[in-house]
Structure formats: structure tokens, C-alpha cells
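Asks: One structure, as C-alpha cells, below. Some questions next.
The values are calculated or read from the model by the stated rules, or taken from the named source; none is laboratory data. Remember, it's a predicted structure, so these values are computed and weren't measured experimentally. FYI the Cβ positions are ideal-geometry reconstructions off the backbone, even for glycines, and counts take in every protein chain you see. These accessible areas exclude ligands, DNA and RNA; they are computed on the full protein's heavy atoms, side chains included. Shrake-Rupley method; radii C 1.70, N 1.55, O 1.52, S 1.80 Å.
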Amino acid sequence: MAEATDAEALSRLSEATFRETFMEGGFGIPYPPEDVAVWAPKTFGADVFAARIAGPDTRVWIGETADGVARGYAVAGPCQLPHPEASTEDGELRMLYVARAAQGTGLGARLFDAAIGWLERSGPRRLWLGVWSGNDKAQHFYAARGFATVGAYQYAVGNWRDDEFIMRRG
């Protein structure tokens, strides 16, 4: 699990993995730079990660290589997705990112298992996540682990809107 001293590393890693996944060399989404400039610090800032780590109902995991280089992370907590059946009593895998250099190593699965295991410790409940509609690889990963698409919404990156699927298990 991440500690307060990991907030800076998580901030750098989270923005880097977002950019390599969705922008540069990834899916190539043409987010307007001014939208990313305003949105990114509110989503990936070290202060944001410090608050997540310190929060009583949220957990953050950081995945590192054997030599201590941060290559992935996961964030989980009460469900915040806009679905009529979702409740804050339910759990949500809010973020799961792995740097391209570490994909295929099993790091994503280990982070997923840690986050879902923590969410399930509160007893049986529905588990939720949001995933970009164009990320087939992630959708297949989640479906193979019992999640099914049950809705959709638009995720704001500044004024840009991404079409996201809502997936649920349980």
C-alpha cells in the first residue's frame, strides 16, 4: 500500500501513465492542451495523492519493480460513479494504471487483486469501475474478472468529454 512519502512519485507516475495510455503513443486522443493543463493537477497532483493516501475510506497501491522504480498504481474507495444503482456503500476501483514498460508483467493483475481484495474485506457488496469506451484491452481484462458493462457516462477532462463504460460485479 502507498504511504505519504509516495505522493510525489504517484503524481509523476499517474500523469505519465495517463499521457502514454491516452495521448502520446497511446490511443492518440486529441485533448486540448489547455484542458489537460487545468485538469491534470486536480487529478494527478501530489497533494491530491496525499489526500487519497490519508483518506479514511480510500486506499492507494503503488507497484514497483525489483529495483524500486514505480511502474503502476491503483486507487479504490466508495463508489462515486453516476449510475442509478450505485451507492457509496458499494466499492469502486477508481484508477488502475501500469506504465507501458511494465505491461504484460502481471503488475496490473497484482494491483487489481490488491484493490479488489481490500474492497471485498468490507463484506459482500457490488463493485464498480469506469473504463474508457475505446480501451478494449482493459474491458476484456475486467470482463475476465467478472465485471459486466451496465451503463455509460461522460468523463470530463477539462471541457473535453470521454465516453466511458460503467462496469459492475455483484
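Asks: Assign unit charges at the C-beta atoms only (+1 for Lys and Arg, -1 for Asp and Glu), then state the dipole size of the chain relative to its Cα centre in Debye, rounded to the nearest 20.
Replies: 420
Asks: Please list Tyr73, Tyr153 from largest to smallest accessible area, probe radius 1.4 Å, with all protein chains kept in place. Numbers along the way, then the final one.
Replies: On the way: Tyr73 0, Tyr153 45 Å².
Result, largest first: Tyr153, Tyr73.
Asks: Which order do Met1, Met95, Met167 take by accessible area at a 1.4 Å probe, largest first? Walk me through the numbers on the way to the answer.
Replies: Details: Met1 120, Met95 25, Met167 5 Å².
Solvent-accessible surface, decreasing: Met1, Met95, Met167.
Asks: Turning to a different aspect of this structure: Accessible area per residue, 1.4 Å probe, Å², for region 48-170: what's the number? Before the final figure, lay out the partial values.
Replies: Values: 6050 Å² over 123 residues.
Accessible area per residue, region 48-170: 49 Å².
Asks: Can you give me the % of accessible surface on the chain that is carbon or sulfur? Probe 1.4 Å, all protein chains present, nothing else counted.
Replies: Details: 4430 of 8490 Å².
Heavy-atom surface of the chain belonging to carbon and sulfur, 1.4 Å probe: 52 percent.
Asks: Follow-up. Restricting to the chain, what percent of DSSP beta bridges are antiparallel, rounded to 5? Write out the running numbers ahead of the final one.
Replies: Working: 28 of 31 bridges.
If we restrict to bridges inside the chain, about 90 percent are antiparallel.
Asks: Another question about this same structure. Between Ala144 and Asp113, how many nm apart are label points set 7 Å from Cα along the C-beta direction?
Replies: The two pseudo-label positions are separated by 1.3 nm.
Asks: Under the classification rounded if a/c is under 1.5, otherwise prolate if a/b is larger than b/c and oblate if not, where does region 33-170 fall, given a ≥ b ≥ c as square roots of the Cα gyration tensor eigenvalues? Intermediate values should be presented prior to the final figure.
Replies: Numbers: a/c = 1.25, a/b = 1.05, b/c = 1.19.
Here region 33-170 falls in the rounded category.
Asks: Helix hunt in the chain: which complete DSSP H runs extend at least 18 Å axially by C-alpha with mean Kyte-Doolittle at least -0.5? Could the numbers behind the result be given before it?
Replies: On the way: long enough: 7-22 (22 Å, -0.24); 107-120 (20 Å, 0.78).
Taking the DSSP H segments of the chain (at least 18 Å long, mean hydropathy at least -0.5), we get 7-22, 107-120.
Asks: Go ahead and set up a Gaussian network model of the chain, Cα springs under 10 Å, then flag whichever of Arg121, Arg59, Arg145 fluctuates most.
Replies: Looking only at Arg121, Arg59, Arg145, the largest GNM fluctuation is found for Arg121.
Asks: Which value at 222 nm does the chain reach when only helices count, each DSSP H run of 4 or more adding -39,500 (n - 2.57), with the total divided by all residues and rounded to the nearest 500 deg cm²/dmol?
Replies: Values: 5 runs with 59 residues, N = 170.
It lands at -10500 deg cm²/dmol.
Asks: Roll a 1.4 Å probe over the protein heavy atoms and report the accessible area of Thr21 in Å², nearest 10.
Replies: 30
Asks: If I build a Gaussian network model for the chain, linking alpha-carbon pairs within less than 10 angstrom, which residue out of Trp118, Trp160, Trp128 has the largest mean-square fluctuation?
Replies: Trp160
Asks: What's the longest uninterrupted piece of the chain once you rule out the GluC sites (Glu not before Pro) that are loop residues per DSSP with at most 15 other Cβ within 10 Å?
Replies: Numbers: sites that count: Glu3, Glu24, Glu85, Glu89.
Of all site-free stretches, the longest is 90-170.
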